[in-house]
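Following: one structure in structure tokens, then a few remarks.
Since every read-out is calculated from the coordinates, none of them should be taken as a lab result. All of these numbers come straight from a predicted model, not from anything done at the bench. Counting neighbours? That spans all protein chains shown, and the Cβs are built from the backbone with ideal geometry, glycine included.
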Amino acid sequence: MRLVYFSTVLFAMNSAQRSFLRSRTQTRLFAAPRKKLPERRVTISCLACGTKLYRYAKGNGAGSRLVKVYKERIVNDFTDEDKPCTCPNLDCAAEFAREDVIHGRPAFKIIQGKVIMK
Ligand SMILES: [Zn+2]
């Protein structure tokens, strides 16, 4: 009896360790952004009306084109919670992005020509 109990515990531990290892391996397979926020901060605004949309911790060069916004890197979000990809200025209400998952992380895919980054 005792031996059966012991081997059950061992098996449970091993499968937990296995799944832990598997999740670590999967994380490494993605070219995912680093967990620590990049130093650089940019302000992303609506190109049509100039309303601020996000304060964002941008990973690669500030000069490079903005194509995606990882949700975890948004420092300040000025958009309406209920309309995440829409300019919060009600007179404008331009749709500037689409929700997406990029490298396994929730993100917004920016529609080119809809936002300006400073
Ligand atoms: Zn706007």
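Give the residue that is nearest to S45 (Cα to Cα), with candidates limited to residues of the stretch 59-118 that are touching a Pro at 6+ places or on another chain (Cβ under 9 Å) and small (G, A, S).
Only one residue tops the list, namely A97.
Filter the stretch 73-111 for residues that are over 20 Å from R55 (Cβ atoms) and among the aliphatic types (A, V, I, L, M); which is farthest from the ligand (Cβ to nearest atom)?
Of everything passing the filter in the stretch 73-111, V101 is farthest from the ligand (Cβ to nearest atom).
Considering only the stretch 80-118, state which residues are under 13 Å from V69 (Cβ atoms) and acidic (D, E).
E99, D100
Given the conditions (1) in a loop (DSSP other than H, G, I, E, B); (2) closer than 26 Å to K36 by Cα, which single one is not true for D91?
With respect to (1) in a loop (DSSP other than H, G, I, E, B); (2) closer than 26 Å to K36 by Cα, D91 is out only on (2).
Being under 16 Å from V115 (Cα atoms), in contact with a Lys or Arg (Cβ under 6 Å, 6 or more places away or on another chain) and charged (D, E, K, R): is that true of K52 here? Outline the logic, then answer.
Details: under 16 Å from V115 (Cα atoms): yes; in contact with a Lys or Arg (Cβ under 6 Å, 6 or more places away or on another chain): no; charged (D, E, K, R): yes.
Here the answer is no, as K52 does not meet what is asked.
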